[in-house]
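Worksheet for the structure shown next.
The values are calculated or read from the model by the stated rules, or taken from the named source; none is laboratory data. Source: prediction; values computed, not measured. Virtual Cβ from ideal backbone geometry, glycine too; neighbours counted across all protein chains shown.
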Amino acid sequence: MTSVPTATPAKRLVRTAMPGPRSLALSGRKAAAVAHGVGSTMPVYAARAHGGVVEDVDGNVLIDLGSGIAVTTVGASSPRVVAAVQAQVAEFTHTCFMVTPYEGYVAVAERLNALTPGDHAKRSVLFNSGAEAVENAVKIARTYTGKQAVAVFDHAYHGRTSLTMAMTAKSMPYKHGFGPFAPEVYRAPLSYPYRDGGLSGAESAARAIDHLEKQVGADTLAALVVEPIQGEGGFIVPAPGFLSTLLDWCRSNAVVFIADEVQTGFARTGAMFASEHEGLVPDLIVTAKGIAGGLPLSAVTGRADMMDSVHPGGLGGTYGGNPLACAAALAVMDTIEADGLVARASDIGELVAGRLRRLQADDSRLGDIRGRGAMIAVELVDASSGAPDPGLAKAVAAFAHGEGVIVLTCGTHGNVLRFLPPLSISDALIEDAFDVLESAFASVTSTM
């Protein structure tokens, strides 16, 4: 007989050492069945999740400050999403939009065209993952411009496929041993206010443009791809004016400006899209992660003339815009609007940043607090030298994990703690999680 799961309490609850016995047993099965190249931040196996908590198979309830890497923005089992997917799965699970299309795909495209920045005519195309969408945005830019080169930035992360590995900056674990990589991908210096020596956004942009003009040439550059706030690279927020100056340069030189909003999109930063914070209107915008409440879906949305430059059949894929994922995406967008989650993201950001600043006041190892909305990070450093301290980040995260708080690290040096809670999380859960983090910093000595 199948047991009926009980409701997961909306509070942290540590019943066993973590991982507990059932998770340890599953870890043994994983080791025997799953390729060892697939790692896990926490070897704690989920049984159910909602709001801001994840319950594991041993009955531990963890506070979720990661949202499955910014995916479950509206919660891991949001009622509207659950209902929409249940209704759709009873109708059909797949036909392939390229064979017999369906309304859900069209409806998602219509919503994306309306929600993304700019009031120009737009088109959208749907895929499965962020990396797939990035690759297709590059395909569109190359077709439209007739040029081949692509520019990306220091610390960038754009995916794990062949082309997006070339676009991603960090070698281990994303690129190491997997070359050779796709050609015609060039890297420019990013605006990194904490480590730029006081450069303004305009000055940082001038540095990047000079680099591109000398080493690539605008006449060969099809696209510039940039995360408005870097994700895996460390939640780096460029100085004001950096992105807008680059956009102006792209427009003057027939270069397609592509905003990779895979991690920043769908209310995460206190705006529907992070580009809005600086009034940017990208030519193409790439979205994924938070778009469909945990179901695999991604998109490229952009100027109609650019999007329509690709020949029929040149874009698509067997599963792209799966009907279940489209139903979920529509429910996510409804939930963001109905529940006021854009404003909620800003409130969460103020609470998280406030707790981090309180910690920073007494601990100079917290070097830089940055981000927007519910996408906040702290860069951890050696107190005396300011050098990145990845050991400290690892130790603090491990302490939090043991106490039932899911925390993620990131950054080129692995020295950044990032906070991406579901926007449905309560203030009480956030406060409890940061009480744990406060204990972690008090317990962990310098690792340098």
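The figures follow:
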read-out: Test: residue in the stretch 132-146 that is at pLDDT 95 or above, in contact with a helix residue (DSSP H, G or I) (Cβ under 7 Å, 6 or more places away or on another chain), more than 16 Å from A259 (Cβ to Cβ) and of a type outside the set (F, W, Y); value: no
read-out: Sole exception among (1) among the β-branched types (V, I, T); (2) crowded, with 24+ Cβ neighbours inside 10 Å; (3) assigned to a loop (DSSP other than H, G, I, E, B) for V225, by number; value: (3)
read-out: Hey, R251 under 20 Å from T412 (Cα atoms) and surrounded by fewer than 20 Cβ atoms within 10 Å (Cβ to Cβ) or not; value: no
read-out: Where L163 falls short, out of the listed (1) in contact with an Asp or Glu (Cβ under 9 Å, 6 or more places away or on another chain); (2) surrounded by fewer than 17 Cβ atoms within 10 Å (Cβ to Cβ); value: (2)
read-out: Test: residue in the stretch 11-24 that is exposed (fewer than 12 other Cβ atoms within 10 Å of the Cβ) and not aliphatic (A, V, I, L, M); value: yes
read-out: Enumerated strands (runs of 3 or more DSSP E) restricted to the stretch 234-344, each holding at least 1 residues that are modelled with pLDDT under 95; value: none
read-out: Count of residues meeting criterion [within 27 Å of V38 (Cα to Cα) and in contact with a Ser or Thr (Cβ under 9 Å, 6 or more places away or on another chain)] in the stretch 178-200; value: 3
read-out: Residue in the stretch 422-436 that is within 25 Å of P173 (Cα to Cα) and either surrounded by fewer than 23 Cβ atoms within 10 Å (Cβ to Cβ) or at pLDDT below 95 (or both) present; value: no
read-out: Count - residues of the stretch 153-207 that are of a type in the set (F, W, Y) and either in a strand (DSSP E or B) or closer than 12 Å to T412 by Cβ (or both); value: 5
read-out: Enumeration of residues in the stretch 23-54 that are within 27 Å of L420 (Cα to Cα) and not in a loop (DSSP other than H, G, I, E, B); value: S23, L24, L26, S27, K30, A46, A47, R48, A49, H50, V53, V54
read-out: Condition check for S309: of a type outside the set (D, E, K, R) and surrounded by fewer than 24 Cβ atoms within 10 Å (Cβ to Cβ); value: yes
read-out: Test: residue in the stretch 92-110 that is in a helix (DSSP H, G or I), over 29 Å from G302 (Cα atoms) and of a type outside the set (V, I, T); value: no
read-out: Cross-chain or 6+ apart pairs with Cβ under 7 Å, the stretch 366-381 first and buried (at least 24 other Cβ atoms within 10 Å of the Cβ), then among the hydroxyl-bearing types (S, T, Y) and modelled with pLDDT of 95 or more; value: G373/T269; G373/S346; M375/T264; M375/T269; E379/Y194
read-out: Qualifying residue in the stretch 96-115 (condition: assigned by TED's automatic domain parsing to the domain that holds C250 and under 23 Å from G414 (Cβ atoms)); value: no
read-out: Hey, M172 among the aliphatic types (A, V, I, L, M) and surrounded by 24 or more Cβ atoms within 10 Å (Cβ to Cβ) or not; value: no
read-out: Set I425, I430, I376: member being part of a strand (DSSP E or B), under 30 Å from E278 (Cα atoms) and of a type in the set (V, I, T); value: I376
read-out: Qualifying residue in the stretch 208-218 (condition: at pLDDT 95 or above, assigned to a loop (DSSP other than H, G, I, E, B) and either in the same structural domain as C410 (by TED's automatic domain parsing) or in contact with a helix residue (DSSP H, G or I) (Cβ under 8 Å, 6 or more places away or on another chain) (or both)); value: no
read-out: Selected residue (criterion: farthest from R372 (Cα to Cα)) from residues of the stretch 401-422 that are small (G, A, S) and part of a loop (DSSP other than H, G, I, E, B); value: G404
read-out: Sole residue being in the same structural domain as G51 (by TED's automatic domain parsing), surrounded by 22 or more Cβ atoms within 10 Å (Cβ to Cβ) and aliphatic (A, V, I, L, M), chosen from A345, A288; value: A345
